[in-house]
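*Asks:* Can you keep this structure in mind? I'll have questions shortly.
The values are calculated or read from the model by the stated rules, or taken from the named source; none is laboratory data. As the structure is a prediction and not an experimental result, all values here were calculated from the model. Please note: Cβ atoms are built from the backbone with ideal geometry, for glycine as well, and neighbour counts cover all protein chains shown.
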Amino acid sequence: MDLNRKSEITKEFRIHERDTGSADVQIALLTERITELTDHLKDNRKDHSSRRGLLMMVGKRRRLLDYLSQTDNSRYQQIIKRLKLRR
C-alpha cells in the first residue's frame with residue numbers, strides 16, 4: 001500500500017480532522033492490507049511467512065472490531081457496512 005492510498009483511507013474513515021489512529025482508521029487500513037496480502041498469497045501459495053502475517057492482521061482486526069462493538073455499537077455497525085465485512 002503506497003502512502004497516497006494510506007492517506008486516502010485515513011481521510012475517509014477518520015472521526016475528526018487530526019484523527020490518524022482511531023479504531024475505525026486502523027480497521028480500514030488493516031482491511032486494505034489484508035486484501036493485498038490475500039491476492040499475493042493466491043499467486044505464492046508456499047509463502048508461509050506472509051500467511052502468518054496475514055493471520056496476525058486478521059486477528060488484530062478482529063480484536064479492534066470486538067472493542068468497537070463493545071464501546072460504540074453504532075460506529076461498529078457503520079464500519080462493517082462501509083467495508084462490507086461479514087459478521
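*Asks:* Given Glu12, Glu32, Glu36, which one is closer than 19 Å to Leu85 by Cβ and more than 12 Å from the chain's Cα centre (by Cα)?
*Replies:* The conditions single out Glu12.
Conditions tested, residue by residue: (1) surrounded by 12 or more Cβ atoms within 10 Å (Cβ to Cβ); (2) in contact with a Phe, Trp or Tyr (Cβ under 6 Å, 6 or more places away or on another chain); (3) without any contact (Cβ under 8 Å) to a residue 24 or more places away in the chain.
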{"position": "Ile27", "(1), (2), (3)": "yes, no, no"}
{"position": "Ile34", "(1), (2), (3)": "yes, no, no"}
{"position": "Asp39", "(1), (2), (3)": "no, no, yes"}
{"position": "Lys42", "(1), (2), (3)": "no, no, yes"}
{"position": "His48", "(1), (2), (3)": "no, no, yes"}
{"position": "Gly53", "(1), (2), (3)": "yes, no, yes"}
{"position": "Val58", "(1), (2), (3)": "yes, no, no"}
{"position": "Arg61", "(1), (2), (3)": "yes, no, no"}
{"position": "Asp72", "(1), (2), (3)": "yes, no, yes"}
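*Asks:* Okay, next question. Among the candidates Ser69, Ser49, Ser74, single out the residue that is small (Gly, Ala, Ser), in a helix (DSSP H, G or I) and within 19 Å of Leu29 (Cα to Cα). Outline the logic, then answer.
*Replies:* Working: Ser49 fails: within 19 Å of Leu29 (Cα to Cα); Ser74 fails: within 19 Å of Leu29 (Cα to Cα).
Result: Ser69 is the single residue among Ser69, Ser49, Ser74 that is small (Gly, Ala, Ser), in a helix (DSSP H, G or I) and within 19 Å of Leu29 (Cα to Cα).
*Asks:* Answer with yes or no whether Leu37 is at pLDDT 95 or above and touching a Gly at 6+ places or on another chain (Cβ under 8 Å).
*Replies:* So Leu37 fits the description; yes.
*Asks:* Still on this model: Is it the case that Thr20 is in a loop (DSSP other than H, G, I, E, B) and among the polar types (S, T, N, Q)? Even if it seems obvious, please write down each step before you answer.
*Replies:* Values: in a loop (DSSP other than H, G, I, E, B): yes; among the polar types (S, T, N, Q): yes.
So Thr20 fits the description; yes.
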